[in-house]
1. Work out the charge dipole of the chain with +1 on the Cβ of Lys and Arg and -1 on the Cβ of Asp and Glu about the Cα centre, then indicate which of Y269, P138, G50 is farthest towards its positive end.
2. Once Lys and Arg get +1 and Asp and Glu get -1 on their Cβ, which of N64, F182, A34 lies farthest toward the positive end of the dipole of the chain?
3. Which lysines have a Cα less than 29 Å from the Cα of K123, not counting those fewer than 8 places away in the same chain?
4. Where in region 85-174 are there chymotrypsin sites (Phe, Trp or Tyr not before Pro) that are in a DSSP coil and have at most 10 other Cβ atoms within 10 angstrom of their Cβ?
5. Under a 5 Å amide H to amide H cut-off, with H placed in plane at 1.01 Å, what residues pair with F282 once short-range neighbours are removed?
6. List the trypsin sites (Lys or Arg not before Pro) within region 1-109 that fall in a DSSP loop (any state other than H, G, I, E or B) and whose Cβ has at most 11 other Cβ atoms within 10 Å.
7. For region 148-190 and region 283-320, what is the separation of their Cα centres, given in Å?
8. When a/c is below 1.5 the answer is rounded, else prolate if a/b is larger than b/c, else oblate, so apply that to region 1-65 with a ≥ b ≥ c taken from the square roots of the Cα gyration tensor eigenvalues.
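The values are calculated or read from the model by the stated rules, or taken from the named source; none is laboratory data. Quick caveat, the model's predicted, so the values are computed rather than measured. All Cβ positions, glycine included, derive from the backbone under ideal geometry; neighbour counts span all protein chains shown. In case anyone asks, the SASA skips ligands and DNA or RNA and just uses the protein heavy atoms, side chains included. Shrake-Rupley method; radii C 1.70, N 1.55, O 1.52, S 1.80 Å.
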Amino acid sequence: MSIEVYGRVPFIPTKTLRQYKVYDGGDDRFRSAARLRQALFREEKAWPIGRYTTAKGKKRKMGNYLSETAAHDGANFISPEIAKLVRREIAYREDGALIDEVRLRTNMLSSHPAVFNFFGGLKLDLDLATATLQSIAPDFVGEVTDILFEHSPARRHPAFTNDRTAFDALVKCTTVQHQNGFIAVELKYSETMQEPPATLRPRYDELSRLSALYKDPDHPALRSNPLQLLWRQHMLSQAMVLNGLYTCGRFIVVAPIYNFHVQEAVHEYREHLAEVDGAVEFDIVSFDDMARCIARAGGEDLSRALHARYCDFNAIDELI
């Protein structure tokens, strides 16, 4: 496989992108390849193409979008059981949870459905979740007790980050030391870590110092892209421990190995972290490793489905 040989996805010719209706002038290298992969996956499944609304209000066919019929049937999720779970999670979501239902159901490139595809099957089988997370964090996870989606301990509460920062998923667990623990998850698929930053608040400065997570808690790099989201979520993780909700925790990013924007942001963020006892530890897990851990835990079918959807770029290689 050429991508494995070169260690990066290819630049896709514009002609090819237009042919499969996935050309977007704002896409970077990985996002372009990921968008095409999702369009090819949709075609493999014979799901009708969908449309999205442009900034000018026009409807445009886009290869990584599902038709309304396919979206209604739950095609954006890798099993009917996960599609059913998503419907329940939407209905019972936390107050203030930001869930774009149209994007969740129709946009195959979005990280929203990817969160449910990777962690929905684990929520439905906590034994599988336990074995998977033990493989990822063997020194930490004893037993997974629940998985929450788009979760915040308390939005806009001054004891936390005093804003709407939330985790894509929160894995609640009993640790190997029989403590009340968690793994907070931020999942990125094709994002560049250049999302609109949050408005800086005095609480961020307070918590950055109070958390003891950073060598220099006042460093300006933490407050701007590509680090600001990791900074806020890591502080929120530590605030949950400081406020006594949990005894200990981990904060992990789950992202594709070839999304270098995320990989480089994580590398840069690590440089700011201090080594402090009791701190919520930080790590990154690739999509491929997550799928492999699920397979080792006994979820071979789920792992194969995840790999085919998000990790297998053979179909793109064949177009180059």
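1. G50
2. N64
3. Straight-line reach from K123, under 29 Å: K45, K84, K172, K188.
4. Sites meeting the loop and neighbour criteria: Y92.
5. When sequence neighbours closer than 5 places are left aside, the close amide H contacts are F251.
6. Details: sites: R8, K15, R18, K21, R29, R31, R35, R37, R42, K45, R51, K56, K58, K59, R60, K61, K84, R87, R88, R93, R103, R105; in loops: R8, K21, K45, K56, K58, R93.
When the trypsin sites (Lys or Arg not before Pro) of region 1-109 are filtered for loop state and at most 11 Cβ neighbours within 10 Å, K45, K56, K58 remain.
7. First find each Cα centre; the distance between them is then 25 Å.
8. On the way: a/c = 2.64, a/b = 1.53, b/c = 1.73.
It is oblate, given that a/c is not under 1.5 and a/b is not larger than b/c.
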